[in-house]
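Comments concern the structure below.
The values are calculated or read from the model by the stated rules, or taken from the named source; none is laboratory data. Note that the structure is predicted; figures quoted are calculated from it, not measured. Here the Cβ positions follow ideal geometry from the backbone for every residue, glycine too, while neighbour counts run over all protein chains shown. Heavy atoms of the whole protein, side chains included, go into the accessibility calculation; ligands, DNA and RNA do not. Shrake-Rupley method; radii C 1.70, N 1.55, O 1.52, S 1.80 Å.
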Amino acid sequence: WDETHFGKMGSYYINRTFFFDVHPPLGKMLIGLAGYLSGYDGTFPFQKPGDRYEQHNYMGMRGFCAFLGSCLVPLAYLTVLELSKSLPAALLTAFILIFDTGCITLSQYILLDPILMFFLMGAVLSMVKCNSCADRPFSASWWFWMSLTGVNLAGAMGVKFVGLFVVLLVGLNTMYDLWDLLGNLSLSLVMFGKHLLARVLCLILLPLALYTAMFAVHFTVLNKSGPGDGFFSSAFQSQLIGNNLHNISVPEHVAYGSVVTMKNLRMAGGYLHSHWHLYPEGIGARQQQVTAYLHKDLNNLWIIKKHDSDTADPSDPSIPVEFVRHGDIIRLEHKETSRNLHSHQHEAPLTRKHFQVTAYGINGTGDSNDFWRIEVVGRKSGKLIRVLRSQVRLTHVATGCVLGSSGKILPKWGWEQLEVTCTPYLKETPNSLWNFEDHINSKLPNISLDVLKPSFAEILLESHMVMIQVGNTALKPKDNEVTSKPWHWPINYQGLRFSGVNETDYRVYLLGNPVIWWLNLVTIGLYLLLTVSTAVALKRGVQLTSELKELSRVVLRGGGQIMLGWLLHYLPFFMMGRVLYFHHYFPAMLFSSMLTGITWDTLLKFCAAFLSPSTTARKVYGAGFLALVLLIIYSFYLFHPLSYGIIGPMASDPSSPMAGLRWMDSWEF
Amino acid sequence: MLGFLKEPVVVTVEINMNVMVLTLMGLISRLWGLSYPRAVVFDEVYYGQFVSLYMKRIFFVDDSGPPFGHMLLALGGYLGGFDGNFLWNRIGAEYSMNVPVWSLRLLPALAGALCVPLAYQILVELQFSHCAALGAALLILLENSLITQSRFMLLESILIFFILLAVLSYLKFYNLQKHSSFSGSWWFWLLLTGVACSCAVGVKYMGLFTYILLLAIAGLHFWHVIGDQNLSNVSLMCHFLARGLALIIIPVAMYVSFFYVHLTLLYRSGPHDQIMTSAFQASLEGGLARITQGQPLEVAYGSQITLRNVLGKPMQCWLHSHTNTYPIRYENGRGSSHQQQVTCYPFKDVNNWWIVKDPGMQQLVVSNPPRPVRHGHIVQLVHGITTRYLNTHDVAAPLSPHSQEVSCYIDYNISMPAQNLWRVEIVNRESDTDVWKTILSEVRFVHVNTSAVLKASGFTGASLPEWGYRQLEVVGEKLSKGYHQSMVWNVEEHRYGKSLEQKEREVELHSPTQMDISKNLSFMAKFTELQWKILTLKNEDTEHKYSSSALDWVTMDTNIAYWLHPTSSAQIHLLGNVVTWASANAAALLYMCLSLWYLIRRRRKIYDIPEDAWQLWVSAGGICVGGWAVNYLPFFGMEKTLFLYHYLPALTFQILLIPIVLQHISDHLCRSVLLKSMFTALIVAWFSSVYFVYCTFSPVTYGEPSLSVTELKDLRWKDTWNILIRKQ
């Protein structure tokens, strides 16, 4: 399943070819490293799910993920132990995570999620540890845990942007902490300043430095041209070995008759592109589409011509070369379709305030709306135009608008490429600036150019812009795709097929252990009830014994932190427009499991306290705890085939051994 | 007893002249020349059509919001005797004589005018001085954008009115809470809070934000009540229940009642019928009800039926077949079965008729007594005109190659046997023996051999090419993942077949259905369906010429041209008072900075201002800054088309903050008398600039007088404003 993505990217690292992904690089780098250390040579193609690995050495990568996945159990155990100071609560949490089929399945394969969850839990654990060190600030262990939190935050952020939520959690916790310190009048302001500085250092600067370092490694390792080139600016591409811009030699000045590609200067801007398809009916004039396209393609090629005369065959040596100059009026002919870049006063498809840009005319003959004035930023008229280095603006002669890319994604009819418009507002933005990237003109001598090398900060910024831009495009749900809805997740409504569809296949199905998940769900409700009742009781001034006071502190403070974590890792998904999958819930599920441990432990203790001092108290507590653990283990026994694979008839078939376990119609194992 | 006889009856009337004068000024500013431009202004074109539909009692669905606002506008039309006969098709179209423009615009204008005294009262209830209150009211009065928005048939001013009313009544209630709980006026203001909230939500869903804010504030205040240990548990419970009743139950009930009135008023079928389910349509007078009236309820073997896809997207369509066959090879080279096409057809047609046949029997008529089809029964579906059987097999469908092709079976004798048995599964059944009912039952057809489900896949947007007459594709979905409406069908037209011969049957199929049974949908069922449709229906997301992004609003980088005189250059724009907007922003910023400063200082036990002043400061800010934030920030997450007028509720709260901050500065930060008087002078100067800007922009607020080109150019204070200048 998704192993095809992340395994492949691991291979890219080993082969050092540049690629592009919407997630930050740490997770894939670690996978690559694990593969490298275990002797995987990066040659397996990862073509499609279900392909056999044959002789390739993939166990290292899987083992690495599985190892991190199994680390979750001790991490969660320690966290709960620290929060509740209660061994049973911690054990319960550990049992839940050990016996949850979903967690097992997810950590068995080459995926980013186990890595993400490892760092996430690491961050939570060290945050909690750090909180409990609060009574001896600036001690060695305090520094250790604090900086470990920072390291883990960087790790979580570096694997997937979902790590942002845990950063938020830690941030809120730190703010609460600082607020507390501020109210402590025994602390001088200088001391407070020290506290503040320490946190800034460990929780902001350290993670940022690590995160940047990660990208530095990423760009250093990947120095060969690969499939991700087209997403980046010309300057960036020139850094990659094997890219056609690396140590490039092209004719330096653009001339009439040259064949060129034009790249938009906005981050992740794309090449000026056209294809045979027309704008659909009702969207401006029904002429040929012009878009911005992120990939390299023959349809990105344009020929520069004079506006008034057709330059004769450029290969004809008898005609002298004439260079294009700043301020010239030119025509751009699309090489494949021989139509001219054209604009007119129709609304652009998405940005209604701009004009539509089309390709018009037959075999290069169009009308006066095909004329564009070419201008170089910051130059006087008459200057020549250089490839790659000149920032060029194309002004439509008839309407005075400027050719630009809005960065919006066209719907299906435009193949989800980016919109190109002609903007009547003359603002100086990279959106409306272009540079020439490829340049073919047989009559001109090729000159070796070294393009301005981008600084690391520029590369970093650019790669993030591209991630955001592409993330928005690629992850929009397709119309007919049935996506998973966030409300499906906590109720374990529908799983995810990892491998195998048919009856004879070896099937793995990602589905949480329903008993555990429903227990978690009920617990969230219970926890809320518990919190409200304790809070009201405290507010009403009910006298509690010291034991109960300690319990309610655990509920309110410890449980509150975990609950906040759950909310932060779950609620944002409701607002996301991207494609969502079931496995996105797993970070939240970790929090939910910890909450279950804490809540049931305190609940049973409360029950016991009300029954005390009779001996039944201990019995009730013990029996309740035992019942929960047994329930979890038994349910695991029932559902374990899900994660370790099933062969045989589908469960919808009544004769299957799993048929009795198909408790919800939406499960498809 | 009879005490009143011993003492004279005295009626003491207190009139707050401030409020009276403010109301009067509000009325003048909003009502003056109300029916000028006698033409359709901006979104009137949108709301007007709903008013017309109300007048004609024709059912409609508006996805932009709940019906209460439309109903209020329609009330204006009703009072003015509007007959609904006007074609709302173009902004700027001249109103005909039968349109009572004045009364249509009256309600929004009244609501807008009343916002002025409401603002005054709110500040008084927040315990600020009358001077500050007067300032707030005047700022609202002189806010050009609020004036423009109130003077036309638009909903924002009504929304703002209800929002302010809700805030005011909550404040009144809260101030009464301290000394006279459960008194008459305590109840009155508490209930009014709930009512105003539900009205606000009923006008536009934006009202929800303020409602939530008030709930949160009420929750916070109640939390303090809980901490009050002089109260017994019982009276605490009473407090809790009273709030629950007034702030949750009553608003919900009122909200539902809006829909009740809406559905009672609109009983005729109309343009939006096809969005609704057949059952809903059948409850409307005319339209489908006329056709389905008197159909037999239970589908039996031999029934002649039309099957409508429940999804209804992109358009409603019926299961259809015709004599043409699938092309042997598609354009992309894939092969087909070359059997008769089955499609989903968006129009009523005789080819939409199908006959339910018992696989075990040959006859195509209903036996006497009819044998009803139940959940789980296996049937064959026979196409009425061609008498071919609905069939699916393991051949890729034309547009969705992952699904099976559905065809009407033609026996080419090429070892491709007929697979035409379908199991009827009633989705909304109550028991497993339910009978398949006309209109009411939603049915899935599961293919017996392959367990594929009959599905209209047209919602993906693609229609069949020329050979399929651009009709929508029907497929057998192999992966019957859960429930999707495209796989569910219901019987719309239905009759018991009587004719034995094919010729007779064709005549019968062409004839309209008759017989008698009426169907009624309960109100709650209608309500849930309509509510669901309003929430899920999405108009195509388009960028409008005057649409803007939420970020543009704070600085007012955008405007909306509402109307342009057909000949002169008189025009109306939604443009705010620049000084007010800027000072409102400054006030909000200042408030937040000062609060943070005080908060940190208080944490270190340094008290700059007295405790009661701090409480005032916090509660005023909670309402004003909170109101601004909840009405503004959510727009950043919204994907719909946004306009400047969406900012007006937030702006109103922000304006209320200005005098609060000003008074705070003069009371607590201006320590010396000299400073204070200088500050006062500054305020006077600032206020005159507000008035000056109001006067400057009033020509584009009221639409008269018409300005010359240079004057218009002078008004273009920001480059991004789009003021219309006629080319000479």
Return the ratio Rg/(2.2 N^0.38 Å) for region B:5-96, where Rg is computed over Cα atoms only. 1.64
Note, residue A:372: beta-carbon cut-off 12 Å, +1 each Lys/Arg, -1 each Asp/Glu, net +1
All other residues with a Cβ under 15 Å from the Cβ of residue B:697 taken together, and with Lys, Arg as +1 and Asp, Glu as -1, what is their net charge? 0
Per the Kirkwood treatment, what hydrodynamic radius in Å, one decimal, follows for region B:51-161 from the mean inverse distance over all distinct Cα pairs? 15.5
Value at 222 nm in deg cm²/dmol, rounded to 500, when DSSP H runs of n ≥ 4 in chain A each add -39,500 (n - 2.57): -14000 deg cm²/dmol
Between residue A:623 and residue A:664, what FRET efficiency follows from the Cβ-Cβ distance if R0 is 30 Å, with the result rounded to 0.05? 0.50
Ranked from highest to lowest mean number of other Cβ atoms within 10 Å per residue, what is the order of the peptides B:203-209, B:591-597? B:203-209, B:591-597
Plugging the Kirkwood radius over Cα pairs into Stokes-Einstein for region B:553-672, at a temperature of 25 °C and a viscosity of 0.890 mPa s, what D comes out in µm²/s? 149
Long-range Cα-Cα pairs in region A:315-376 (distance over 20 Å), rounded percent: 43
Give me the percent relative contact order of chain B, please, defined on Cα pairs under 8 angstrom at least 6 residues apart. 14
So the compactness index of region B:603-653, its C-alpha Rg divided by 2.2 N^0.38 Å, takes the value 1.62
So which residues of region A:350-366 lose at least 20 Å² of accessible area, probe 1.4 Å, when you go from the chain by itself to every protein chain present? A:352, A:353
Can you pull the accessible area of residue A:5 for me, 1.4 Å probe, Å² to the nearest 10? 90
Estimated translational D of region A:3-43 in µm²/s (Stokes, Kirkwood radius over Cα pairs; 4 °C; 1.567 mPa s): 131
Centroid-to-centroid separation of region B:169-198 and region B:1-72 [C-alpha atoms, Å]: 23
Using only the alpha carbon atoms of region A:404-447, find the Kirkwood hydrodynamic radius as the inverse mean reciprocal pair distance, in angstroms to one decimal. 13.1
Cα point-scatterer Debye curve for region B:232-368, base-10 log of I(q)/I(0) at q = 0.09 Å⁻¹: -0.54
Applying 1/(1 + (r/R0)^6) with R0 = 56 Å to the Cβ-Cβ distance of residue A:543 and residue B:689, what FRET efficiency is obtained, to the nearest 0.05? 0.35
Using the alpha-carbon centroid of each, what span in Å lies between region B:396-431 and region A:90-128? 45
Calculate I(q)/I(0) for region B:629-718 by the Debye formula, one identical point scatterer on each C-alpha and no solvent, and give its log10 at q = 0.12 Å⁻¹ to two decimals. -0.66
Based on Cα coordinates alone, diagonalise the gyration tensor for chain B, multiply each eigenvalue by 5, take square roots, and list the semi-axes in whole Å, largest first. 61, 31, 25
Å³ per residue enclosed by the Cα convex hull of chain A: 207
Taking the Cβ of residue A:546 as the centre, find all other residues whose Cβ is under 15 Å away and add up their charges (Lys, Arg: +1; Asp, Glu: -1). +2
Taking 2.2 N^0.38 Å as the expected size of a compact globular protein, what ratio does the Cα radius of gyration of region A:81-238 give against it, to two decimals? 1.29
Between region B:99-132 and region B:435-451, the Cα center-to-center distance that results, in Å: 57
In Å, what Kirkwood hydrodynamic radius results for region B:294-517 from the alpha-carbon pair distances? 17.4
Accessible area of residue A:276, 1.4 Å probe, to the nearest 10 Å²? 150
In square nanometres and to one decimal, what's the mean projected area of the convex hull around the Cα atoms of the protein assembly as shown? 67.7
Compute the label zone of residue B:599 within region B:657-675: residues whose backbone N is under 18 Å from the point 7 Å along Cα-to-Cβ. B:661
Distance cut-off 21 Å, percentage of C-alpha pairs in region A:248-453 lying past it: 48
How many nm separate the modelled label positions at residue A:633 and residue A:241, each set 7 Å beyond the Cα in the direction of the Cβ? 5.7
